[in-house]
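K.L.:
Here it is: the structure, laid out below.
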Amino acid sequence: MRPTISIRGQKLKISDEMSKDCLSILYNTCVCTEGVTKRLAEKNDFVIFLFTLMTSKKTFLQTATLIEDILGVKKEMIRLDEVPNLSSLVSNFDQQQLANFCRILAVTISEMDTGNDDKHTLLAKNAQQKKSLSLGPSAAEINQAALLSIPGFVERLCKLATRKVSESTGTASFLQELEEWYTWLDNALVLDALMRVANEESEHNQASIVFPPPGASEENGLPHTSTRTQLPQSMKIMHEIMYKLEVLYVLCVLLMGRQRNQVHRMIAEFKLIPGLNNLFDKLIWRKHSASALVLHGHNQNCDCSPDITLKIQFLRLLQSFSDHHENKYLLLNNQELNELSAISLKANIPEVEAVLNTDRSLVCDGKRGLLTRLLQVMKKEPAESSFRFWQARAVESFLRGTTSYADQMFLLKRGLLEHILYCIVDSECKSRDVLQSYFDLLGELMKFNVDAFKRFNKYINTDAKFQVFLKQINSSLVDSNMLVRCVTLSLDRFENQVDMKVAEVLSECRLLAYISQVPTQMSFLFRLINIIHVQTLTQENVSCLNTSLVILMLARRKERLPLYLRLLQRMEHSKKYPGFLLNNFHNLLRFWQQHYLHKDKDSTCLENSSCISFSYWKETVSILLNPDRQSPSALVSYIEEPYMDIDRDFTEE
C-alpha cells in the first residue's frame, strides 16, 4: 500500500485493485483476529495515510469503513489538521462520499467519552475543564475548526441534509454501493432491511405492471418497465435517511461547539431550516409501513431503526439551533412572524427585537413553519412514544432565555398547555424523562403569564385533577423543580402587580394558592436541599440547588430570610438529625460560588430565566455563608456548635 521500491527514480504506483485487496485483508483481519484493530490504531502515521486513499473513488468505501473501525478503538483522537491536503480531499468528495465521510467525522469532532453529560458530576467536569484550560483546545475542537475552515463545507452539509429523495444518487451507482456495503459491513442489519423492503416492493410492482392503476407513474413507485432496473422508492428513502442521519449529527455537534455563532450564521444563510421544513412530511415524519421501518430482529419502536434515529437527530438539531439564540425565529414562516407582532401589539408591549431583526428571506415557507409542524405531530404522539421527551425538549428550547410573552401566547393559542396537562394528569405519564421534559416545558410556558395560569385553572378544574397533578410534582422534585421555580417566581411578580386580571387569577388559581403557603414552600425547600450533595451534583440536578436559592432570595426580598432558616432548623430537629441539612446546604453554597462565579454562560442563564440580577444571587449566597454567628441571615447561626461540619473539602482531583 505504501511502496518504497523505486524504478528509474519514480515511485511504483500500486493499482486501485491491489489497494482494495490490501484493504480487504486488513479489514477481515481486524474482524477475525482480536487486537489487530488496536495495534493499527496505535500507528498514527498509518491512520493518517489511510485518509489519503480516500481520494480514489474505487477504494473510498473500503478505506472509510476501515478508518471508522480503527477510530472506534483509538485511545487518542486523530487530528484532522495532520491529514495532508484535508481541504482539497474533502472539497473533491462528491455528495455521496461526503455523506459517508460524515460517519468518520462523527468520531473526530465529538469529545472523547466522559460519561453521560447530564449524569457526570459537576465536580469531575470542573476538574476536567481546569485541566483542559492548561492544555489548550481539545483535539475535537481543533478538528471542528479544521472542518469549518474548508470552503463550502457547511453549505454542502446543508444541501445534503435538505436534498429531496428524487435528487439523490442514481440507480446504478447506488446499487453498486449497496454491493460494496454488503461486502464490507460486518453488521448487515440495515442491508437486510433494505433488501427485504426491495423484494416486497418489487413483488408488489410486478403485480401492478400487468394492470397498472389509473395514473400510475414512476414517481409513485409503479414503473412501466421491468422492476429489475427500477430502484424501489422505499429503498431510495432509506438510503437518504441513513445519509441525513450522519449529516445532521455533524451539524448538531458543530452547533454546540466553540464556533457556534459562526455555524449559526452559515446554517441560516444556507437555509437549512426551510429545507428541513419542506422535507418534514415526506421524509422526516413521513407515514410509513411497518415493513419499511423495522430492522430484522427489532420492533417498530426500537431506537436502532434508521427512521426513528433520524427523527431523534432532527429534534436534537432543533433543540441546539433554538437554545438561547435569536435565530430560533427562522423556525416560523412570514405569517407566523406577523402573528407574533400582532400579539405584542394587542398586549401593548414592545415587539421582541430578535423578531424585528429576523431576515424574512431565510424563514420557513409554506402554510406552516417547522415549529408549528412539530407541535402538530407532538399532539398526535402515542402516550408510550419515546419521541415525547425529544419533542418537548425541542419546543422548550424555543422558549428558553429571556421570557417572551408573545412566544408563550403563540404556543398557548395552539393548545400546547392543554396537551401537556393531558399527558401529565389524564394519561398519568410514568416515564421520568418525559415527565421532566414536560414539567420544564410547562414552567417556561407559564412563567409570568397570567393567561397561562387562567388556562391551567380552566383545565385543572377539580380537586381530584389537582391532586393527581401534585402527586406527579411530588413524585420526583428533580424532575419537577423547574416548574416549582417558575410558579414561585410568577407568584412573586403577580403579588406586586396592581391589575384586575392578575388579582382574579391570584384568587382563583389552585396552583398559585398552593405555592403561596409558607408550609408548602418550606416542604419544597427542605426536600430540594436534602436530595442533593456536592459529590452527587450533575447538570441535571443542580437545578434543585438554584430553585432552593430562588425561594430564599424571594424570602430575603420580603425580609423573611431569618424566618425560613429558623423553620429549616426546626424541621431538622423534628427529623432527629440536627445540623445535617444546613451543613449540607452550606457545602452546596460554597460549591455554588466556585462553580458559577467562573462561568459566564451559566450565570447569564440564571439571570435571564429568573429575572433576578446575578449580583442579587451572589449577595444572597454571601449572606447565607457569612461566618458571623450573630447574623440572623447566616446559616451558621442555625447550626449548633456540636453539629457544625461546614469546612469539608469537596475538591475532586
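K.L.:
How large is the accessible surface of ASP69 in square angstrom, using a 1.4 angstrom probe and rounding to the nearest 10?
P.N.:
Probe radius 1.4 Å; accessible area of ASP69 about 50 Å².
K.L.:
Hey, another quick one. Report the GluC sites (Glu not before Pro) located in the range 546-624 that are in a DSSP loop and have at most 12 other Cβ atoms inside 10 Å of their Cβ, or state none. Walk me through the intermediate numbers first.
P.N.:
On the way: sites: GLU559, GLU572, GLU607, GLU619; in loops: GLU559.
For GluC sites (Glu not before Pro) across the range 546-624 that sit outside H, G, I, E and B with at most 12 neighbouring Cβ atoms in 10 Å, the list reads GLU559.
K.L.:
Of SER385, SER507, which has the most accessible area with a 1.4 Å probe, and how do the rest follow in descending order? Can you show the working numbers first?
P.N.:
Working: SER385 20, SER507 95 Å².
The most accessible residue leads, giving SER507, SER385.
K.L.:
Tell me, what are the semi-axes, in whole angstrom and largest first, of the equivalent ellipsoid of the range 517-652 as set by the roots of 5 times the Cα gyration tensor eigenvalues?
P.N.:
Working: eigenvalues 96, 61, 43 Å².
Ellipsoid half-lengths, sorted descending, are 22, 17, 15 Å.
K.L.:
Express in whole angstrom the spacing between the alpha-carbon centres of the range 604-629 and the range 536-568.
P.N.:
Between the Cα centre of the range 604-629 and that of the range 536-568, the gap is 10 Å.
K.L.:
Across the range 237-247, in residue order, what do the Karplus-derived ³J(HN,Hα) couplings come to in whole Hz, using 6.51 cos²θ - 1.76 cosθ + 1.60 with θ = phi - 60° and x for Gly and Pro?
P.N.:
Result, ordered by residue: 5, 4, 4, 5, 4, 5, 5, 5, 3, 5, 5 Hz.
K.L.:
Could I ask something else about it? Holding the Cα-Cα limit at 19 Å, pick out from LYS20/LYS58; LYS244/LYS367; LYS20/LYS57; LYS430/LYS465 the pairs that are longer than that.
P.N.:
Details: LYS20/LYS58 8 Å; LYS244/LYS367 24 Å; LYS20/LYS57 11 Å; LYS430/LYS465 16 Å.
Long pairs (Cα-Cα over 19 Å): LYS244/LYS367.
K.L.:
What's the local net charge at GLU572, with K and R +1, D and E -1, over the other residues with C-beta under 12 Å away? Display every interim value, and only then the final one.
P.N.:
Working: positive: ARG566, ARG570, LYS575, LYS576; negative: GLU640.
Net local charge, GLU572 excluded: +3.
K.L.:
Note down the nm distance, to one decimal, between modelled labels 7 Å out along Cα→Cβ at SER631 and at GLU418.
P.N.:
5.1 nm
K.L.:
Tell me, what ³J(HN,Hα) does each residue in the range 384-393 have, in order and in whole Hz, if you take phi through Karplus 6.51 cos²θ - 1.76 cosθ + 1.60 with θ = phi - 60° and put x for Gly and Pro?
P.N.:
Karplus-based 3J(HN,Hα) across the range 384-393 equals 8, 5, 6, 6, 4, 4, 5, 4, 5, 4 Hz.
The values are calculated or read from the model by the stated rules, or taken from the named source; none is laboratory data. Predicted model only: the values in this text are computed from it and were never measured. Here the Cβ is made from the backbone with ideal geometry for all residues, glycine too, and neighbour counts use every protein chain on show. SASA here: full protein model, heavy atoms, side chains in, ligands and nucleic acids out. Shrake-Rupley method; radii C 1.70, N 1.55, O 1.52, S 1.80 Å.
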